[in-house]
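The values are calculated or read from the model by the stated rules, or taken from the named source; none is laboratory data. Because the structure is a prediction, the values reported are computed rather than measured. Methodologically, a virtual Cβ is constructed for each residue, glycine included, from the backbone with ideal geometry; neighbour enumeration extends over all protein chains shown.
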Amino acid sequence: MPKDSINQLSQEELIRGIKENERRVMSSLYIDVFPKVKSYIIQNNGDEDQAKDIFQEAFLVAWQKVKEGEFLPQNSTAMQGFLFQVSKNKWLDWLRSSRFKKESSLGAISIEVADAEEEFLLDERLSMLDRAFQQLGESCQELLKLFYFKKMSLDKLAQSFGWTPKTAKNNKYRCMESLRKIINP
Amino acid sequence: MSKDLHITPLEYELIEAWLDESLSSEQEKVFQDLKKEDSDWSLKVKEVKALREDLESLLVKNELEKIHEEAFAGTNPRTATFSRWIWAVAASVALILVAWWGFQGGFQDSNQKLFEAYYETDPGLITAMSGTDSYEFDRGMVDFKEGKYQEALAQWELLLKENPADDTLLYFVAMAHLEMENYPLSQELLKQVADEDSSEFKEDASWYLALIYLKKGEMEEAKLILSNLAKPEAQELLQKIQE
């Protein structure tokens, strides 16, 4: 049976878990860090919904940084600390940009605003992609999820669906093309 | 993603292999040729890269949403972290209900209501997808969590035929039957898990088994099981039954 705690994982196992989107690692990290971030944001003029949004954005950023090798956590505590720090910075950015907008002045904090705009673009892209993804058939959704999120190999995927590896490869291509066509009609 | 690019299956495969740094030497050569000959090549690479990165981010984001729902929005009777005050409130509510039931009379009715007060759907495996290597099991777990118990059973019962002693399968097949109110079958399967000392599901299986006995009015069996369970709500329920 899987355990929820990731504290026992070696650095190698932790990084592999992140790169392969392991539910155990993702869930444990979320459950450990979110309450701390929520508490910080609520103490600093935010509410629970904002805490959830900020935390999930920060999670995506931190997750990506590890995948790209920009951050190398030594252990799960370092990863938890990093995730908390990214969340905290995001919340401070948000507070600053909000104040910036009210003051309508350009200055030192324009960089944060630019970052926020970039994130807004990512949010927009993901929303658009989500709408497109929902238009795909159930099999395509399942196939893409297993391959791109669960990192299942094409051979295993073929086995699961009862296809040949070649059919699995062709179907993956067709599903990605359908997605691309929905986004770029 | 503004230009209408035509990307062939071979190009897709090459670009993805290049992004994964897994190009064979022959593929590397074709990749380099295309890079030289196709004026849109860099746009195609950029498009495939962006699409799969965004897709993965979207799927991670959706998973985070699910984790949040499971851990912070829904109820989760299995977690040891379930706040004591929630149990206290639940116990108080249960006490009020029991007092009210006293006026209504009828033991059978009271048993049924106690069952309903204490019965909560098993949340499924929080860390599913890594618990077993079986895709079918995972598919079943997704269905189970979505309340599609018949679909979950379709996946799991086949697996159970191949692994009749697997306690995880026995337990979740029993849970799906319980949700569908197939009490005798669920009871039979839960007994097998509850009798297995090494099973991590022993305590949960015993708890649900006790609830089934309670519902059926077989109070001595229910009390016997509850008296052997350490979880606080088992002791609370035992006390209420004895009162």
**Report entry** Residue list for region A:137-182, filter: among the hydrophobic types (A, V, I, L, M, F, W, C), crowded, with 17+ Cβ neighbours inside 10 Å and either under 18 Å from the mean Cα position of the chain (by Cα) or under 17 Å from B:LEU51 (Cβ atoms) (or both)
**Finding:** A:CYS140, A:LEU143, A:LEU144, A:LEU146, A:PHE147, A:PHE149, A:CYS175, A:MET176, A:LEU179
Report task. Identify, by number, the condition in (1) touching a Ser or Thr at 6+ places or on another chain (Cβ under 7 Å); (2) more than 8 Å from every other protein chain (Cβ to nearest Cβ); (3) among the aliphatic types (A, V, I, L, M) that B:ILE67 doesn't meet. Result -> (2)
Query raised in the report: Taking region A:125-136 as the region of interest, how many residues are within 9 Å of chain B (Cβ to nearest Cβ) and more than 21 Å from the chain's Cα centre (by Cα)?
Result: 0
Report summary line: Note on A:PRO35: of the conditions (1) at the interface with another protein chain (Cβ under 10 Å from one of its Cβ atoms); (2) within 16 Å of B:GLU65 (Cβ to Cβ), unmet is (2)
Report task. Give me a count of the residues in region B:10-39 that are within 14 Å of chain A (Cβ to nearest Cβ) and exposed (fewer than 14 other Cβ atoms within 10 Å of the Cβ). Result -> 4
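Okay, residues lined up against (1) in the same structural domain as B:PRO164 (by TED's automatic domain parsing); (2) surrounded by fewer than 16 Cβ atoms within 10 Å (Cβ to Cβ); (3) part of a loop (DSSP other than H, G, I, E, B):
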| residue | (1), (2), (3) |
| --- | --- |
| B:GLU181 | yes, yes, yes |
| B:SER186 | yes, no, no |
| B:LEU190 | yes, no, no |
| B:SER199 | yes, no, yes |
| B:SER206 | yes, no, no |
| B:ILE212 | yes, no, no |
| B:LYS215 | yes, no, no |
| B:GLU220 | yes, yes, no |
Query raised in the report: exposed (fewer than 14 other Cβ atoms within 10 Å of the Cβ), modelled with pLDDT under 80 and either out of contact with any Asp or Glu (no Cβ under 8 Å at 6 or more places or on another chain) or closer than 25 Å to A:SER160 by Cβ (or both), is that true of B:ASP195?
Result: no
Report summary line: B:VAL93 fails exactly one of (1) hydrophobic (A, V, I, L, M, F, W, C); (2) under 30 Å from B:LEU169 (Cα atoms); (3) at pLDDT 60 or above, namely (2)
